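Since the structure comes first, as structure tokens, the remarks are kept for the end.
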Amino acid sequence: MKLSAAIFCLSLFIIACVNGCANISTSTPGKIDTVYDRVMKAGTIRCAYAIYNPGCMKDPNTGKLSGIGVEAIELVTKKLGLKVEWTEEVGWGTMIEGLETNRYDIIATPVWATSDRARVAAFCEPLYFSPVFAYVKAGNRKLSAANLKSLNSPKFSIASIDGATAEIIAREDYPNVRRVSLPQLSDFSQLMLTVSSGKADATFTEPADAAVFMKSNPNAVEKIGEPVRIFPNCWIIRRGQSQFKNMINTVLAQLSNSGELENIIQKYEPAKNCLYRTARPYAPAARDSQ
């Protein structure tokens, strides 16, 4: 009887071990869902944002967001049958960290695609392009289009926001210039104000920013020379998320081809033609002459 009981207990133990092993083999521990999987299961796209006119603006009284990137991502999610969840405001130098730690799925403010960012993140297709010019205080004759190269000297200073593109341009093209650095969450109008008040000799920004500033401060700054850069404005996502990226790009192309994206751009463009459009990847077939 004792032997039979021992054999019975041993059998139960073996069966339990087999079932346990089967459960382990089928549960695929350590499997990490992709961003696409998470979005489709939850029915929401978690969006971070940075305040940057005209891509994303925030009403100081209501907190409501608006802008090209905001309205475009809301339209994209609507067409996909999904919802937007606005998660947090992010800084220019730290925004990509939140993607890597899975705090949000996309940065919905269109951001300039640069080599520094390409090392650590992926970009969706451009919504539009931004030319970047040098701006100086109106009437400042120390710098002009003809002698912009002379800016590369410690006797001059450039206003920049930590982690933003003006800082990158200064580092790459004008390594000897002094920098007047502003905190990451500074509004871009502060760059213009720093220049117009004489605290810095120049800054680099796009005409859209300058147009907004000059509405309230006419003749305070002036543009000099040709564009020093032309950047695509793109949504940023985590690297390696091809399914999610392809889904977003497909709907974005649909908005571009239908004219809906152009309507959004025109709605928020601070001044006519200050933003460059994306070229369409097709042309109508030529008609046979009659």
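For segment 131-231, with only Lys/Arg (+1) and Asp/Glu (-1) charged at the beta-carbon, what is the dipole magnitude about the Cα centre, in debye rounded to 20?
Here segment 131-231 has a charge dipole of around 420 debye.
Considering the chain as a Gaussian network with a 10 Å cut-off on Cα pairs, which listed residue, Thr109, Thr94, Thr62, attains the greatest mean-square fluctuation?
Residue with maximal mean-square fluctuation among Thr109, Thr94, Thr62: Thr62.
What distance in nm separates the simple spin-label points at Asn61 and Asp37, each placed 7 Å from Cα in the Cβ direction?
4.7 nm
What 222 nm value per residue comes from the helices of the chain, counting each DSSP H run with n ≥ 4 as -39,500 (n - 2.57) and dividing by all residues, nearest 500 deg cm²/dmol?
-11500 deg cm²/dmol
I need two numbers for the chain: Rg to one decimal and Dmax as a whole number, Cα atoms only, in Å.
In order Rg, Dmax, the Cα atoms of the chain give 26.3, 107 Å.
May I ask you to derive the relative contact order of segment 180-255, considering only C-alpha pairs under 8 Å and at least 6 residues apart, and to give it as an integer percent?
Normalised by residue count, the contact order of segment 180-255 is 22 percent.
Give the cross-link partners of Lys137 among the lysines, using a straight C-alpha distance below 18 Å as the criterion and excluding same-chain residues fewer than 8 apart.
Partners found: Lys149, Lys155, Lys199, Lys215, Lys223.
At a Förster radius of 30 Å, what calculated FRET efficiency corresponds to the Cβ-Cβ distance of Arg119 and Lys215, to the nearest 0.05?
Working from the Cβ atoms, E equals 0.25.
So which helices of the chain fit the span-like rule, where a helix is a whole DSSP H run, its Cα atoms reach 27 Å or more along the axis, and its mean Kyte-Doolittle is at least -1.0?
Answer set is 2-27.
Can you list, bin by bin at 10 Å, the percent of alpha carbon pairs in segment 131-231, starting at 0?
17, 57, 26, 1
Report the Cα centroid-to-centroid distance between segment 248-290 and segment 165-216 in angstrom, as an integer.
Their Cα centres are 30 Å away from one another.
Considering the dipole of the chain built from charges on the beta carbon (Lys and Arg +1, Asp and Glu -1) around the Cα centre, which of Thr203, Pro126, Leu151 is farthest to its positive end?
The residue sitting farthest along the positive end of the dipole is Leu151.
Kindly provide the trypsin sites (Lys or Arg not before Pro) of segment 130-188 that DSSP labels as loop, not H, G, I, E or B, and whose Cβ sees at most 12 other Cβ atoms within 10 Å.
Filter output for segment 130-188: Arg141, Lys155.
With +1 on the Cβ of every Lys and Arg and -1 on the Cβ of every Asp and Glu, and nothing else charged, how large is the dipole of the chain about its Cα centre, in debye rounded to the nearest 20?
With Lys and Arg at +1 and Asp and Glu at -1, about 240 debye.
Which whole-number percent is the relative contact order of the chain (Cα, under 8 Å, 6+ apart)?
Across the chain, relative contact order equals 24 percent.
Read the figures in this text as sums done on the coordinates, not as results from a lab. Treat the numbers as computed from the prediction; the structure is a model and nothing was measured. Note that each Cβ is placed from the backbone with ideal geometry, even for glycine, and that neighbours are counted across all protein chains shown.
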